[in-house]
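Heads up: the structure comes next, in structure tokens.
The values are calculated or read from the model by the stated rules, or taken from the named source; none is laboratory data. Treat the numbers as computed from the prediction; the structure is a model and nothing was measured. A quick note on method: Cβ atoms are made from the backbone with ideal geometry, for glycine too, and the neighbour counts reach across all protein chains shown. Please note that ligands, DNA and RNA were not included when accessible areas were found on the heavy atoms of the full protein model with its side chains. Shrake-Rupley method; radii C 1.70, N 1.55, O 1.52, S 1.80 Å.
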Amino acid sequence: MLEVMAVYLGDRLGLYAALRDGGPATAAELASRAGIDARYAREWLEQQSVTGILQVDDVAAAPDERRYTLPEAYVDPLLNPDSPYSITPLARSLVASAKVIPRLLEAYRTGGGVEWSDYGADMIESQGDFNRPWLVNSFGSDILPAIPAVHERLMANPPARVADVACGVGWAAIAIAKAYPDVTVDGFDLDESSITLARENARGAGVSDRVTFERRDAADHPAAGGQYDLAVIIEAIHDLSRPVEVLAAMRRVLRPGGSVLVADEKTEDTFTAPAGDVERLYYGFSLVTCLPAAMTERPTAATGTVIREETMRRYAADAGFSSTDRLDQPELDMLRFYRLTP
């Protein structure tokens, strides 16, 4: 955990970027580039080299004369948010979770929850950046084309309209719009800061003319019926206090022949202990983030991160869907797709 926090410092203070952009540096040079104190720069550089992330040219040199290098192999994981190896969102989310430990203790004692807003900007940004690599690199180009019924409607005329529910910072909506130039996408989320970032991301991607984002609770304020050919919800069902109500609202806004595409955690089919690394990661996030966030409302489904197939099928059936297809292809390492049809 301490090493993850050191990565967080390097990310948020721009230290990795300063080494990438300016090349090898002494502590004083890094401090000057990044605008930090030289003594702190030296300690961070030494820690990063002891950890094995940075390379040092001469361990026998005087502390202020050693030069440190960021290896090329680590540039993408630490500095490229579109890389499938991007790791800094993990550091941000864990630090954000640590910040709310006093609130978590109180929630565990009282049965209450912790609001998403309490986790701060680090959590909001990391949530978007967790899924950003596969969304920007393969959602529109590989994953959607591999689901024939969805792909054919997105390619057909009249142009399709898509709803992105719990859209976060907008990468799914943006990916759909870029892959299908005639499609329009409406994104909805409860978090105002996420909506602000989503609008900025859409402008940066050049699709803001066909992608809109609005702060809205899909369960309480569904759009008028029959507006959408496809609705998507990416890694959010397990976070919702009222997943059945949200899915029911998504069903109501579909046009005839429309469907809902859900991506959520690729968990084991049944509980097992001890479990593999991915399941352990999911349970860890459930303890400190996903379950407490869902416990802020009453009534709540209190799903937690470890949402299994049987739970997804039950929610879909309770929401009025007649069919739930688990899609083992296309395949992602940590997420599973379901196609729900009325």
What's the FRET efficiency of L2 with E214 using the Cβ-Cβ distance as r and R₀ = 41 Å, to the nearest 0.05?
0.50
For labels at L190 and A73 in the simple 7 Å Cα→Cβ model, what's the distance in nm?
4.3 nm
Give the carbon-plus-sulfur fraction of the accessible surface of the chain in %, rounded to a whole number; probe 1.4 Å, heavy atoms of protein chains only.
53 percent
Before I look further, what does the chain give for accessible area per residue, probe 1.4 Å, in whole square angstrom?
47 Å²
Along the Cα-to-C-beta direction of R314, a point sits 7 Å from the Cα; which residues of region 270-294 have their amide N less than 18 Å from that point?
270-272, 291, 294
Mean residue ellipticity (222 nm) of the chain, computed from DSSP H runs ≥ 4 via -39,500 (n - 2.57), nearest 500:
-12500 deg cm²/dmol
Between M155 and E297, what is the spin-label point distance in nm, taking each point 7 Å from the Cα along the Cα→C-beta axis?
3.7 nm
Computed E for E331/A28 - FRET, C-beta separation, R0 51 angstrom, nearest 0.05
0.55
Expressed in µm² per second, the diffusion coefficient of region 200-319 from the Stokes-Einstein equation, with Rh the Kirkwood radius over alpha carbon pairs, at 4 °C and 1.567 mPa s, is 81 µm²/s
Quote the FRET efficiency, to the nearest 0.05, computed for A98 versus L281 with a Förster distance R0 of 25 Å and r equal to the Cβ-Cβ distance.
0.95
